[in-house]
Amino acid sequence: MIQLTAPFSEEKIRSLKVGDEVGLTGILFTGRDAVHKYLHEGGQLPPAVQLRDGILYHCGPVVIKDEAGHWNVTAAGPTTSIREEPYQAEIIRKFGLRGVIGKGGMGARTLAACQECGCVYFHAVGGAAQVLAECIRRVRGVYMMEEFGAPEAIWELEVENFPAVVTMDAHGRSLHAEILASSQAALATKL
């Protein structure tokens, strides 16, 4: 497993290849449908949300606040990423993202932006939300909670050894597209 620690430089990200297993340590920001649409329509991020050279996690974490007023994440599984395909390439370019975490992969426009900008898509294991939450050391902040609600808010998460697999790299490879093509070819021989 490749240990990838912030800062997430373009050089580090471009060294990754499809199939690399990584353990991410540093800061992740969550962003789902509401955030992507908001940014696409020209919305501004709060000053504390610094996406440049960062990683955006397609996740709506389950969080509870303890007696001291601190947020604790109890589940943090990935959400299906393809919903963000209409927005993701633009957001990678505009905000200088180095990584996107989700499940299920993304399309050709996002892959092109990854190649152009030095970004990768990390696939996180679906169905392991509680295990992934154990990698979150603390919630550093929550933004736009009133505008979007808890699942759609931007959560700033400090993670340690967060496991993921590179399935779309900055060299133009997409494991998702390759599997689709080979599956279609195999199916065609059966018809």
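The values are calculated or read from the model by the stated rules, or taken from the named source; none is laboratory data. Just so we're clear, the structure is a prediction, and the values are computed from it rather than from any experiment. Glycine gets a Cβ as well: all are built from the backbone with ideal geometry, and neighbour counts include every protein chain shown. All accessible areas refer to the heavy atoms of the entire protein, side chains included, with ligands and DNA or RNA removed. Shrake-Rupley method; radii C 1.70, N 1.55, O 1.52, S 1.80 Å.
Based on what the data block shows, is Ala128 open to solvent by less than 50 Å² (accessible area, probe 1.4 Å) and at pLDDT below 95? First the steps, then the outcome.
Working: open to solvent by less than 50 Å² (accessible area, probe 1.4 Å): yes; at pLDDT below 95: yes.
In short, yes.
In the set Pro151, Pro163, which member is in contact with a Gly (Cβ under 7 Å, 6 or more places away or on another chain), open to solvent by 60 Å² or more (accessible area, probe 1.4 Å) and either within 15 Å of Gly102 (Cα to Cα) or touching a residue at least 12 places away in the same chain (Cβ under 8 Å) (or both)? Steps first, please.
Values: Pro163 fails: open to solvent by 60 Å² or more (accessible area, probe 1.4 Å).
The match here is Pro151.
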Restricting to region 1-27, give me the number of residues that are in a loop (DSSP other than H, G, I, E, B) and buried (at least 16 other Cβ atoms within 10 Å of the Cβ). 5
Here is a list of conditions, (1) assigned to a loop (DSSP other than H, G, I, E, B); (2) over 16 Å from the mean Cα position of the chain (by Cα); (3) under 20 Å from Thr25 (Cβ atoms), and Val131 meets all of them except one; can you say which number that is? (1)
Take the residues in region 72-131 that are touching a Cys at 6+ places or on another chain (Cβ under 7 Å) and among the charged types (D, E, K, R); name whichever of them is farthest from Phe8 (Cα to Cα). Arg93
Any residue at all in region 138-157 that's under 23 Å from Ile2 (Cβ atoms) and in a loop (DSSP other than H, G, I, E, B)? no
Apart from one, (1) under 14 Å from the mean Cα position of the chain (by Cα); (2) open to solvent by 20 Å² or more (accessible area, probe 1.4 Å); (3) over 18 Å from Gly104 (Cα atoms) all hold for Leu187; the odd one out is (1)
If you take the residues of region 72-89 that are under 18 Å from Met145 (Cβ atoms) and crowded, with 19+ Cβ neighbours inside 10 Å, which of them is farthest from the chain's Cα centre (by Cα)? Val73
From the list Gly127, Gly105, Gly99, Gly60, exactly one residue is of a type in the set (Gly, Ala, Ser), more than 21 Å from Glu156 (Cα to Cα) and in contact (Cβ under 8 Å) with a residue 60 or more places away in the chain. Which is it? Gly105
